[in-house]
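A quick write-up on the structure given underneath.
The values are calculated or read from the model by the stated rules, or taken from the named source; none is laboratory data. Computed from a predicted model, the values in this text were never measured in an experiment. When we count neighbours, we look across all protein chains shown, and the Cβ atoms used for this are built from the backbone with ideal geometry, even at glycine. Only protein heavy atoms, including side chains, enter the accessible area calculation; ligands, DNA and RNA are left aside. Shrake-Rupley method; radii C 1.70, N 1.55, O 1.52, S 1.80 Å.
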Amino acid sequence: MIKRENGFSLIELMISIAIVSIVFASAVSFFILSMRQYKTQTKITASGLEGIIGLEMLRRDIEDIGFGLPWNNLAPYTEIVSGDAVLMALNDGGVAPRAIVGIDNATFTVNRSDYFAIKSSKVGIQPAAGKWTFLDHFRVKRQWVPLEENMGPADWSIVLSVGSTDSNRRSLVMPGSYLQYSGDPTGYAPSESYAVNIMYGISSGDANRPVRPFNRADYFISNADVPTRCAPDTGVLVKGVINHDVAGTMTLLPLLDCVADIQVTFGLDINNDRLVDTWGDWTNTLSTMNAAQIRTQLMEVRVSILTHEGQRDDSFTYPDNTVFVGATVSTPLGIQNHGKQANVGTRKNYRWKLYNLAVKPLSLAQ
């Protein structure tokens with residue numbers, strides 16, 4: 001009997017290899033597609049978290065504009081020293097500091113976006129910034145619980161007396177000099193036994209002795225250190241804290257990547273009913289107002305920021321060629337738009353997102 005050997009023919013083997021190759025290629029393609037989608041979704045998630053954190057910092061800074069600012073009895077002080085006439089115009093010198101100042105469509109920023117600065121004790125980066133306490137007639141400082149809320153021995157502060165009228169209210173005690181928390185408060189304490197003065201923390205450490213009786217932070221889109229995943233002609237929204245040095249140098253803190261534009265709109269109360277009567281940008285609202293007018297009339301600040309989520313995705317096409325960046329508000333004259341159209345027509349493979357903040361300042365007329 002002749003035994004027949006079992007096996008595959010060449011044709012069967014070739015067919016099997018072809019099927020395996022097709023299945024393997026499909027699996028590889030699916031894996032690559034899945035990895036791309038995972039990478040895209042990861043970048044989108046990271047962008048979302050980054051946006052939440054950065055924008056929350058911005059919202060809180062706007063909410064606290066004017067916190068701890070002196071109104072009266074000021075000596076000359078230094079802000080930013082850049083040689084740039086535009087930026088120098090945001091300085092206040094020796095008069096009461098304006099709580100918020102700005103530049104519409106600044107030519108030196110990415111896509112001529114808005115540039116604005118906030119002045120308050122809270123916007124600094126030193127541990128003392130934002131802390132405060134009372135100083136009584138007996139030179140005793142009020143202690144808080146928890147202890148972390150108290151200023152430390154090396155923290156510098158200003159001291160304000162609280163009068164009964166705008167002409168003597170929030171007057172700087174001993175203008176031109178600053179009190180270190182561990183220092184002798186003689187001369188800073190109120191003369192009346194029933195009165196208290198207020199200490200506002202400004203900076204910390206001997207190297208950061210204040211050169212102005214407040215902190216200042218500028219907000220703008222920077223074109224430095226932009227991540228490679230960002231679309232062309234975008235930048236990083238930064239908080240530029242003005243250091244307490246004679247030169248007025250700036251420390252940049254990134255808030256949000258891949259930003260194409262930022263527009264700021266102000267709502268003012270012009271008839272003293274504590275409601276917004278008119279809206280506008282810096283040029284047609286606050287640019288001619290002094291510190292007292294800003295703190296009594298500014299009711300709301302709206303910030304619109306155009307950025308994109310994740311990175312370039314060739315499988316995605318943004319549906320519009322332009323995005324309106326700004327505030328749409330209702331007025332007695334009808335609906336008004338304050339802002340501008342941003343062109344994204346050449347960057348449609350990015351998932352553009354518009355953030356809108358509406359913030360009511362809480363510390364202006366404190």
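No other residue among LEU252, LEU256, LEU237 is open to solvent by 60 Å² or more (accessible area, probe 1.4 Å) and outside any loop (DSSP other than H, G, I, E, B) apart from LEU252. I need the full set of residues from the range 324-340 which are without any contact (Cβ under 8 Å) to a residue 60 or more places away in the chain and within 24 Å of GLY54 (Cβ to Cβ), in order please. Scanning the range 324-340 gives PHE324, THR328. Inside the range 201-234, can you point out the residues that are open to solvent by less than 50 Å² (accessible area, probe 1.4 Å) and touching a helix residue (DSSP H, G or I) at 6+ places or on another chain (Cβ under 6 Å)? The one that is open to solvent by less than 50 Å² (accessible area, probe 1.4 Å) and touching a helix residue (DSSP H, G or I) at 6+ places or on another chain (Cβ under 6 Å): ILE221.
Filter the range 138-160 down to residues that are among the polar types (S, T, N, Q) and free of Cβ contacts under 8 Å to residues at least 24 places away in the same chain and give me whichever is least open to solvent (accessible area, probe 1.4 Å). Talk me through it step by step, then tell me what you get.
Pass one, the range 138-160, residues among the polar types (S, T, N, Q): 143, 150, 157.
Among the residues that remain, those that are also free of Cβ contacts under 8 Å to residues at least 24 places away in the same chain are: 143, 150.
Values: GLN143: 98, ASN150: 16 Å².
So the residue we want is ASN150.
Screening the range 166-180 for residues that are more than 27 Å from the chain's Cα centre (by Cα) and at positive phi and picking the one that is most open to solvent (accessible area, probe 1.4 Å) gives MET174. Here GLY163 fulfils each of the conditions (1) over 27 Å from the mean Cα position of the chain (by Cα); (2) among the small types (Gly, Ala, Ser); (3) buried (at least 19 other Cβ atoms within 10 Å of the Cβ) apart from (3). For the range 278-326, a residue qualifies if it is acidic (Asp, Glu) and in contact with a helix residue (DSSP H, G or I) (Cβ under 9 Å, 6 or more places away or on another chain), and the qualifying residues are GLU309, ASP313.
For (1) open to solvent by 60 Å² or more (accessible area, probe 1.4 Å); (2) assigned to a loop (DSSP other than H, G, I, E, B), each residue gets a yes or a no:
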position: SER315; (1), (2): yes, yes
position: VAL323; (1), (2): no, no
position: GLY326; (1), (2): no, no
position: ILE335; (1), (2): yes, no
position: LYS348; (1), (2): no, yes
position: TYR355; (1), (2): no, no
position: ALA365; (1), (2): no, yes
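Within the range 69-83, is there a residue that is in a loop (DSSP other than H, G, I, E, B), buried (at least 16 other Cβ atoms within 10 Å of the Cβ) and among the aromatic types (Phe, Trp, Tyr)? Yes, that holds for at least one residue. Being within 17 Å of the chain's Cα centre (by Cα), β-branched (Val, Ile, Thr) and at pLDDT below 95 holds for only one residue in ILE242, ILE262, and it is ILE242. Give all pairs with beta carbons closer than 6 Å in which a residue from the range 108-137 that is at pLDDT 95 or above and open to solvent by 20 Å² or more (accessible area, probe 1.4 Å) meets a residue that is of a type in the set (Phe, Trp, Tyr) and part of a strand (DSSP E or B); count only pairs at least 6 apart in sequence or on separate chains. Close Cβ pairs (under 6 Å, with a partner that is of a type in the set (Phe, Trp, Tyr) and part of a strand (DSSP E or B)) amount to TRP132/TYR200. Within the range 86-97, if we keep just the residues that are assigned to a loop (DSSP other than H, G, I, E, B) and open to solvent by 30 Å² or more (accessible area, probe 1.4 Å), the residue that is farthest from GLY326 (Cα to Cα) turns out to be GLY94. With respect to being surrounded by 14 or more Cβ atoms within 10 Å (Cβ to Cβ) and either at pLDDT below 95 or in contact with a Cys (Cβ under 8 Å, 6 or more places away or on another chain) (or both), THR283 falls outside the description.
So that you can scan it fast, the table gives a plain yes or no per residue for (1) at pLDDT below 85; (2) out of contact with any strand residue (DSSP E or B) (no Cβ under 6 Å at 6 or more places or on another chain); (3) under 30 Å from LEU160 (Cβ atoms):
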residue	(1), (2), (3)
VAL28	yes, yes, no
SER34	yes, yes, no
LYS39	yes, yes, no
THR42	yes, yes, no
THR45	yes, yes, no
GLU63	no, no, yes
TRP71	no, no, yes
TYR77	no, yes, yes
VAL81	yes, yes, yes
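Taking (1) at pLDDT 95 or above; (2) closer than 24 Å to ILE65 by Cβ in turn, TYR188 satisfies each apart from (2).
Can you confirm whether SER171 is among the small types (Gly, Ala, Ser) and in contact (Cβ under 8 Å) with a residue 60 or more places away in the chain? Explain how you work it out, then say what you get.
Working: among the small types (Gly, Ala, Ser): yes; in contact (Cβ under 8 Å) with a residue 60 or more places away in the chain: yes.
Spelling it out, SER171 is indeed among the small types (Gly, Ala, Ser) and in contact (Cβ under 8 Å) with a residue 60 or more places away in the chain.
Return yes when LEU306 is within 25 Å of the chain's Cα centre (by Cα), within 21 Å of ASN356 (Cα to Cα), hydrophobic (A, V, I, L, M, F, W, C) and not in a loop (DSSP other than H, G, I, E, B) and no when it is not. Working first, answer last.
On the way: within 25 Å of the chain's Cα centre (by Cα): yes; within 21 Å of ASN356 (Cα to Cα): yes; hydrophobic (A, V, I, L, M, F, W, C): yes; not in a loop (DSSP other than H, G, I, E, B): yes.
Yes; evaluated as a whole, the condition is true for this residue.
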